[in-house]
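Have a look at the structure below, then the notes.
The values are calculated or read from the model by the stated rules, or taken from the named source; none is laboratory data. Treat the numbers as computed from the prediction; the structure is a model and nothing was measured. Here the Cβ positions follow ideal geometry from the backbone for every residue, glycine too, while neighbour counts run over all protein chains shown. Quick note on the areas: whole protein, heavy atoms, side chains included, nothing else; ligands and nucleic acids left out. Shrake-Rupley method; radii C 1.70, N 1.55, O 1.52, S 1.80 Å.
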Amino acid sequence: ELLRFVTEMRDMPAHPAPRALDRFLTDFASDLQSDTETRARIERLKGEILGRDEVQDLIASVWTAVRSMIVSAAEDERSELRLRVRASLLSLGARMSADARLQGKVDGWLESAAVYVVTTYQGEITSLITDTVAGWDAEPTRL
């Protein structure tokens, strides 16, 4: 029946089902934006679904498989992933060397990131430097 229904929709441009589905999705999207009760129902449903052990097991299994595929592709010098990442980095490097505006943006991002890291982790950075220097052998470091 489902196959027959889908075939009818495909073969009949004036079939009412696609319009009805469009109306439903439009109304649902509007309700999600404006109706707190609809949002609350969806959040409850999402919580119930994501809270199930079977779903958590599925998510963990999918993540393990995807991670394994990414690691394998990253290790293979001829993989599509590695070739595309390399090409993208080369392209970005070429653009950065030729585009002063892009250079300014990247400089600003890096400066903001450095300020954030230093202000957020200044205690940890200070401890790391202090512990590293304290662990040095004094004799080889003399001038």
Some residue of region 69-78 being part of a helix (DSSP H, G or I), within 30 Å of Leu32 (Cβ to Cβ) and open to solvent by less than 100 Å² (accessible area, probe 1.4 Å): no
Take the conditions more than 25 Å from the chain's Cα centre (by Cα), acidic (Asp, Glu) and either at pLDDT 95 or above or exposed (fewer than 10 other Cβ atoms within 10 Å of the Cβ) (or both) and apply them to Asp131. Does it pass? yes
Does Arg19 satisfy the condition of being surrounded by fewer than 10 Cβ atoms within 10 Å (Cβ to Cβ) and assigned to a helix (DSSP H, G or I)? no
Answer yes or no: is there a residue in region 108-115 that is assigned to a helix (DSSP H, G or I) and aromatic (Phe, Trp, Tyr). yes
Those residues of region 113-123 that are surrounded by 10 or more Cβ atoms within 10 Å (Cβ to Cβ) and either among the β-branched types (Val, Ile, Thr) or at pLDDT below 95 (or both) come to a total of 4
